[in-house]
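The values are calculated or read from the model by the stated rules, or taken from the named source; none is laboratory data. This one's a predicted model, so the numbers in the text were calculated from it and none came from an experiment. Every residue, glycine as well, gets a Cβ built from its backbone with ideal geometry; the counts of neighbours run over all protein chains shown. These accessible areas exclude ligands, DNA and RNA; they are computed on the full protein's heavy atoms, side chains included. Shrake-Rupley method; radii C 1.70, N 1.55, O 1.52, S 1.80 Å.
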Amino acid sequence: MSDLFKGRLAILGLGYIGLPTAVAIATRGIDVVGVDTNTARVEAVSRGEVPFIEPDLAVGVSGAVAMGRLTATTEIPEADAFIIAVPTPFNEDRTADLSSVRAAAERIAAKLRPGNIVVLESTSPPGTTEKVAGWIGDLRPDLRMPHDGDFGCDIYVAHCPERVLPGRIMIEIVTNDRVVGGLTQRCAEKAASIYRLFAQGEILLTDAASAEMAKLVENAYRDVNIAFANELSMIADALQIDVWEVIRLANRHPRVRILSPGPGVGGHCIPVDPWFIVSAAPELARLIRTAREVNDQRPYHVAEQVVLKAKRFRSPTIACLGLTFKANVDDVRESPAVEVVSLIADALPDTEILISDPFVDALPTKLSGYSNLRLESAYQAVERADIVVLLVEHEPFKAIRQNRLGGKVVYDTRGAWR
Ligand SMILES: NC(=O)c1ccc[n+]([C@@H]2O[C@H](COP(=O)([O-])OP(=O)(O)OC[C@H]3O[C@@H](n4cnc5c(N)ncnc54)[C@H](O)[C@@H]3O)[C@@H](O)[C@H]2O)c1
C-alpha cells in the first residue's frame with residue numbers, strides 16, 4: 001500500500017470535475033492550486049465562489065479558499081502532482097478532441113521535476129495516458145518517462161477516470177470506488193496515494209488502457225440500456241401501447257430491469273464517450289454505435305409526437321417543462337430537451353411555446369433566435385398551455401398537482417406523473 005500523498009497539488013480545469021476534486025483534496029490539508037484558462041472562472045474561485053450549481057460544492061469552495069488551502073490561477077505553478085481535468089469533447093467525425101488534454105500536458109511539461117505525479121482524469125480513448133507521457137517526454141527529454149522503463153522513471157503518469165453523478169458529485173467523489181490505471185505499477189501506486197487522501201470507496205489499481213476503457217464501457221453500458229428503453233417507447237407509440245405499463249410489468253420478472261425512456265440522452269459523458277469506443281474499433285462496435293444512433297434520434301421522435309398533438313388545435317399554446325440534460329441540475333450541455341424544443345419551434349413557427357425550468361434563467365444560445373419561444377414560470381406555462389410536455393423530471397415539476405393538468409393534452413416523456 002502506498003503512502004498518502006504529501007506536497008502541493010495543481011488541478012488543471014476548474015469545472016464540474018476539477019473543482020470538486022480540488023475541494024476534496026484541499027479539505028484533507030493539501031495545498032491545492034486550481035488552474036483554468038477561463039479568467040472569469042479563476043476569479044470566481046479566488047473569491048470563494050462556484051461558477052455553476054452543484055449541491056454542497058459552494059460551502060466546500062468558500063471554506064477551502066477561506067482556509068487558504070485552495071487558490072486559483074491561470075498560470076501553471078510548481079507542484080508535486082498535477083491532475084488534468086479538462087474537457088474531452090468529440091470532433092465532427094466523432095473521434096475524441098484531445099486538444100485541451102494536449103495543451104494541458106504541454107503546459108505542465110515546463111514545470112515538471114523528478115518525482116512528480118501526473119494524473120489524467122479527463123475521460124479519454126484507450127492510449128491517451130500514454131500519449132500524455134509522450135507529449136511531455138517530447139518537450140522534456142531530460143526527464144525519464146514511464147515508457148522509458150519502470151525503474152528509475154522520473155515522472156509517474158496515470159489515468160484515474162471520474163464517474164460521479166452530477167447533482168451528487170460531492171457525495172460520490174468520496175464514496176465511489178476509484179479505478180487508478182498506471183503506465184506502470186509504480187505509477188498507479190503513486191497516483192493512488194492522492195485518491196487515498198479522500199476516497200472512502202475501494203481503490204482499484206490497474207493499467208492505464210484498462211482504466212481508460214473501463215470508464216468508456218460504463219457509459220456505453222448505460223447508453224445501450226437507455227437506447228433499449230427508448231426504442232421500446234417508439235415501438236409502443238407505433239402500436240398504441242402504453243410503454244410505462246409494459247415496462248412496469250416486464251420489470252416484475254426477477255432478472256429484468258428495463259430503464260425509463262426519455263427525450264434522449266444528454267450531458268457531457270453518455271452521448272460522447274461511447275463514440276470513443278466506436279472510433280477505436282469501428283467494425284466491431286456495432287451495438288454501441290446503434291444505441292448512440294437510437295438515442296440521438298429520440299428528440300426527433302418526441303418533437304414529432306408534440307407536433308402531431310398540436311395539429312389537433314387551431315392555435316395551440318405549448319408548455320415545455322425542463323431544459324437541462326437531467327433532473328435537478330443547471331447544466332444544459334448536450335441537452336435533448338433543448339433539442340426537442342428547437343425542433344418543435346422549427347416545425348411550428350407560429351405557435352407560442354412557453355418554456356419553464358427552475359434551474360435556467362436565460363434561454364440557451366441554441367434557442368435564443370426564436371420569436372415564438374418564451375421563458376415562463378411553471379405556474380404560468382401550465383396555466384396557459386393547451387399542451388403540456390414534460391421533458392425533465394425536476395422535483396418542482398413532479399409536484400405539480402394533477403388537477404392543474406386537467407383538460408390539457410399531457411405528454412410526459414419521463415413518466416414522472418404516472
Ligand atoms: N461533468 C461530469 O459529470 C463528468 C463525469 C465524469 C467525467 N467527466 C469528464 O471530466 C472531464 C472534465 O469535464 P467537466 O465536466 O469538468 O468539464 P467542464 O467544462 O465543466 O470544465 C473544464 C474546465 O477546463 C478548463 N480548461 C480547458 N482547457 C484547459 C487547459 N488547457 N488548461 C486549464 N484549464 C482548461 C475550462 O475552462 C473549464 O473550466 C471531461 O473529460 C469529462 O468527460 C465529466
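Details
- Among the residues of the range 170-220, those identified as within 16 Å of the ligand (Cβ to nearest atom) and either open to solvent by 50 Å² or more (accessible area, probe 1.4 Å) or of a type in the set (Ser, Thr, Tyr) (or both) are Ile171, Thr175, Asp177, Tyr195, Met213, Val217, Glu218.
- Output for the range 79-89, where each listed residue is near the ligand (Cβ under 10 Å from one of its atoms) and either touching a helix residue (DSSP H, G or I) at 6+ places or on another chain (Cβ under 8 Å) or open to solvent by less than 20 Å² (accessible area, probe 1.4 Å) (or both): Ile84, Ala85, Val86, Pro87, Thr88
- Selection status of Ser100, of a type in the set (S, T, N, Q), under 22 Å from Asn38 (Cα atoms) and either surrounded by 22 or more Cβ atoms within 10 Å (Cβ to Cβ) or over 18 Å from the mean Cα position of the chain (by Cα) (or both): no
- Candidate set from the range 53-76 (those that are open to solvent by 20 Å² or more (accessible area, probe 1.4 Å) and part of a loop (DSSP other than H, G, I, E, B)); member that is nearest to the ligand (Cβ to nearest atom): Thr74
- Test result for Ala40, open to solvent by less than 70 Å² (accessible area, probe 1.4 Å) and assigned to a helix (DSSP H, G or I): yes
- Val157 being within 16 Å of the ligand (Cβ to nearest atom) and either touching a Ser or Thr at 6+ places or on another chain (Cβ under 7 Å) or open to solvent by less than 60 Å² (accessible area, probe 1.4 Å) (or both): no
- If you filter the range 19-37 down to residues that are part of a loop (DSSP other than H, G, I, E, B) and within 14 Å of the ligand (Cβ to nearest atom), you find that the one that is surrounded by the most Cβ atoms within 10 Å (Cβ to Cβ) is Asp36.
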